[in-house]
1. Scanning for something in contact with a Leu (Cβ under 9 Å, 6 or more places away or on another chain) and among the polar types (S, T, N, Q), does the range A:168-184 turn up at least one residue?
2. Given the options A:Ile107, A:Ile47, A:Ile62, A:Ile88, name the one that is in contact with a helix residue (DSSP H, G or I) (Cβ under 7 Å, 6 or more places away or on another chain), among the β-branched types (Val, Ile, Thr) and on the phi < 0 side of the Ramachandran plot.
3. Kindly indicate which of A:Lys77, A:Lys92, A:Lys135 is among the charged types (D, E, K, R), farther than 26 Å from A:Ala54 by Cβ and assigned by TED's automatic domain parsing to the domain that holds A:Gln28.
4. Among the candidates A:Arg229, A:Arg168, which residue alone is farther than 30 Å from A:Thr7 by Cβ and modelled with pLDDT under 95?
5. Output the residue which, of all residues in the range B:52-89 that are closer than 30 Å to B:Met199 by Cα and of a type in the set (A, V, I, L, M), is nearest to the other protein chains (Cβ to nearest Cβ).
6. Residue under question is A:Lys214, and the condition is that it be basic (Lys, Arg) and in a strand (DSSP E or B); does it hold?
7. For residues that are without any contact (Cβ under 8 Å) to a residue 60 or more places away in the chain and of a type outside the set (D, E, K, R), scanning just the range A:119-141, find the one that is surrounded by the most Cβ atoms within 10 Å (Cβ to Cβ).
Number of protein chains: 2
Amino acid sequence: MQCYKLTLATDGTHYNGWQIQSNAPSVQQHLQEALTTFLGGEYAPLIGSGRTDAGVHALNQIAHFKTERSVDLNRLKLAFNGLLPRDIRVNKVEIASPQFHSRYSAIGKEYHYYLNLERVMDPFRRLYSWHLLRKLDIPLLHEAASLFIGTHDFTSFANEQHRGSVARNPVRTIYRLDIVPSENELCLKFEGNGFLYKMVRNIVGTLVDVASMKLSLADVVSIFEAKDRKRASKAAPAHGLFLVRVDYPVDHLLI
Amino acid sequence: MQCYKLTLATDGTHYNGWQIQSNAPSVQQHLQEALTTFLGGEYAPLIGSGRTDAGVHALNQIAHFKTERSVDLNRLKLAFNGLLPRDIRVNKVEIASPQFHSRYSAIGKEYHYYLNLERVMDPFRRLYSWHLLRKLDIPLLHEAASLFIGTHDFTSFANEQHRGSVARNPVRTIYRLDIVPSENELCLKFEGNGFLYKMVRNIVGTLVDVASMKLSLADVVSIFEAKDRKRASKAAPAHGLFLVRVDYPVDHLLI
């Protein structure tokens, strides 16, 4: 059995997220159909590193599948990009070790979230950043961000993925949360060992509420302590979020 | 009668060009409807600096309208951006001199055209640049571009706007045609005193054919001499083209 690792870029605007659903187009479904065509009808389940929500984008999403066949890596890449819609592109196909799993082998992830601060929004950024009409206090934003760095119980910042489903372990570590300004935007860069469902968007919503004086820094501390999702702010919209990188152990590739 | 000048940004992806048509959404139609709403039903014809094609984008398109009323500039801008779809934004409203006409007063324009040279196209650039799978000879591209700079009869590079309609004067001057590389793209920057219908896209199509050895530099010279649109290359696709700036005489604003 050979395990193949795919690296993908996806403009999530037109997709109802990653996961195959009965009623709406998904990224996984397009990839699975292209793969099944390439394998001449063989069904090799294609599994992604995580379920991105509707509208979320990815610069380097990771997926894998296993098959008995030996596959020419370059031919498979060309076939994917020939068969897939133009808003999903496969940038790399590699051979991973047989135990590799895009989701369970992941040891870290990086997400970026874009906040647009222009008075009139640039129409070319409308699908890729959250246009905020509120004024933000930037030093306060930095102070609030520092409260999220480190190892915490993030229960208050995690949604249930299905009704009643709660992550077994809500403790995660955020290694970095940098705020990088560009001309008219702020990019919030999250690096951590893993993120709970909607955790980045819930944190961004809360950070923006602090920076616009709707919440205080003390409120953030008490939201953490409450371990109750209802206490944190509304999630920031999906279209500002990019999955930028998924990290695996250095020896995860076979060659 | 007061004349108002509008500066607009438009993501052209979802529009069938600038001009009002009976069967498809246009930028002009959305603006006209918003203006008529703002003016409480008064119809003040809104006129643009030129008719961009379906799929062409604009960073600073110019339009104007005239009315007897005195209009609060900031309120009008806010009303436009409240009423318009999010892919059309009004960035400026100014008072122009009474003789100002967005089309006939224009003395120059700048267009940018993006060529994407990546092996696998970045999905986030798919609507904003032309993905070329051909290899380009960059020094040859520069040489070919130099043939277009200056004052020429551009008949061979102009389409008829309507069946049988030919511009009265096909002579135009291109002041600059710069080729600016970025990471995986080339930006072709055109500045001139005016451009005939589809002229930029026809020139880009021809430049790409020279740089990919389908045409020679001598062919370009003979295409100019033939004064026949059928001789030049196929137009480059609309979605790589941006109207960047329209120039007017320095005294065209009233204040």
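The values are calculated or read from the model by the stated rules, or taken from the named source; none is laboratory data. Everything numeric in this text was worked out from a predicted model, so none of it was measured. Methodologically, a virtual Cβ is constructed for each residue, glycine included, from the backbone with ideal geometry; neighbour enumeration extends over all protein chains shown.
1. Yes, because at least one residue in the range A:168-184 is in contact with a Leu (Cβ under 9 Å, 6 or more places away or on another chain) and among the polar types (S, T, N, Q).
2. Residue meeting the stated conditions: A:Ile88.
3. A:Lys77
4. So the residue among A:Arg229, A:Arg168 that is farther than 30 Å from A:Thr7 by Cβ and modelled with pLDDT under 95 is A:Arg229.
5. B:Ile88
6. Judged against the criteria, A:Lys214 is not a match.
7. A:Pro123
Matching residues to (1) under 21 Å from the mean Cα position of the chain (by Cα); (2) surrounded by fewer than 18 Cβ atoms within 10 Å (Cβ to Cβ); (3) in contact (Cβ under 8 Å) with a residue 60 or more places away in the chain; (4) under 21 Å from B:Asn159 (Cβ atoms):
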| residue | (1), (2), (3), (4) |
| --- | --- |
| B:Leu8 | yes, no, yes, no |
| B:His14 | yes, yes, yes, no |
| B:Gly17 | yes, no, no, yes |
| B:Ser22 | no, yes, no, no |
| B:Ser26 | yes, no, no, yes |
| B:Gln32 | yes, no, no, no |
| B:Thr37 | no, yes, no, no |
| B:Ala54 | yes, yes, yes, yes |
